[in-house]
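Worksheet for the structure shown next.
We did not get these values from a lab; they are worked out from the coordinates using the rules stated. On a predicted model such as this, the values are computed, not experimentally measured, just so you know. Glycine also receives a Cβ, built like all others from the backbone with ideal geometry; neighbour counts cover every protein chain displayed.
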Amino acid sequence: MSDWVLVTGGATRLGREISLAFAKAGWNLICHYRNSEEKAQSLCQEVTSFGVFAQALYAELENEDSCLGLYKQASEVSNHRLACIVNSASLFIPDNAHDFEEHQALQQLSVNLMAPMRFGKWLYESRLNKATNSGLDATTGSSVPKHSPSIVHILDQKVFNLNPDYFTYTVSKLALERIVSLQAQSFGPSLRVNAVSPGLIYPSGPQDLENFKIASNANLMGIPIDPKQVAQSVLFLAQNPCITGTTIKVDNGQHLVPTPRDIMFVVDQLKQNNK
């Protein structure tokens, strides 16, 4: 019997690549979406060709009730065999320390930080309940999924390469990066917690394609980051039972190339200077 993974924001961009990677590896998929129902349903139909089950579920992630509703639906769909949650959904709203709007800041913190905290708490509680109800230890016995249960958070190389742009987004990801260790310490041995920190892999915000082509090569390897390799790193963490409290940087070394501002704005300035 295959285990299930819940991928938040699983219908588009990196979330889609992660969903495909898990499905191709034999995992059943729960694809969370908010604004991409058609893409989520299409993805679920596509992955059934790999011989797995898939279900698309809608939810907003800004408040506890909505998150809990998604978690309960995912548990029911998976027959309580949810073995991994990948927190891929995020909000990315431009602001800075001196002019952020509080309602947008709180919205980003809710989606990027609080939702992963909640899902971790609930998955941990479910593992304890299963062990208690079956009279088995949380790490042994038939109540345990095939794969060691885990959470994988999606971070951003910005947390290791600070600049003042996208202030609230960066704050939320900085906190999430610290939570990796704290959750791992709190949830072991029932639940592992890890993270993947990708670099620039898709155009973001107001970035145009010309800017993206230049910016995506601004790393130590001098080539764009392959989103499929980021997804494979997420899958690796979910399937390796010996890893917890760890963040893998999949960014072609971008975190080692300091910039005074977000790389998009650096490229814009270079283009202006070269005119």
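Quick rundown of the values:
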| read-out | value |
| --- | --- |
| Those residues of the range 47-69 which are touching a residue at least 24 places away in the same chain (Cβ under 8 Å) and over 18 Å from Leu91 (Cα atoms), in sequence order | Val47, Phe50, Gly51, Val52, Phe53, Ala54, Gln55, Ala56, Leu57, Leu68 |
| Looking only at the range 234-253, and only at residues there that are crowded, with 21+ Cβ neighbours inside 10 Å and of a type in the set (S, T, N, Q), the one that is farthest from Pro189 (Cα to Cα) | Asn252 |
| Extreme residue, surrounded by the most Cβ atoms within 10 Å (Cβ to Cβ), among residues of the range 1-56 that are acidic (Asp, Glu) and out of contact with any strand residue (DSSP E or B) (no Cβ under 9 Å at 6 or more places or on another chain) | Glu17 |
| Selection count where residues are crowded, with 24+ Cβ neighbours inside 10 Å and basic (Lys, Arg), scope the range 162-205 | 2 |
| Residues of the range 29-38 satisfying the condition of being under 21 Å from Cys67 (Cβ atoms) and not β-branched (Val, Ile, Thr) | Leu29, Cys31, His32, Tyr33, Arg34, Asn35, Ser36, Glu37 |
| Members of the range 173-185 that are touching a residue at least 60 places away in the same chain (Cβ under 8 Å) and more than 13 Å from the chain's Cα centre (by Cα) | Ala175, Ile179, Ser181, Gln183, Ala184, Gln185 |
| Filtered residue count, the range 59-88, keeping only those that are touching an Asp or Glu at 6+ places or on another chain (Cβ under 7 Å) and farther than 17 Å from Arg118 by Cα | 1 |
| Residue check for Glu102: surrounded by fewer than 17 Cβ atoms within 10 Å (Cβ to Cβ) and either of a type in the set (Ser, Thr, Tyr) or over 15 Å from the mean Cα position of the chain (by Cα) (or both) | yes |
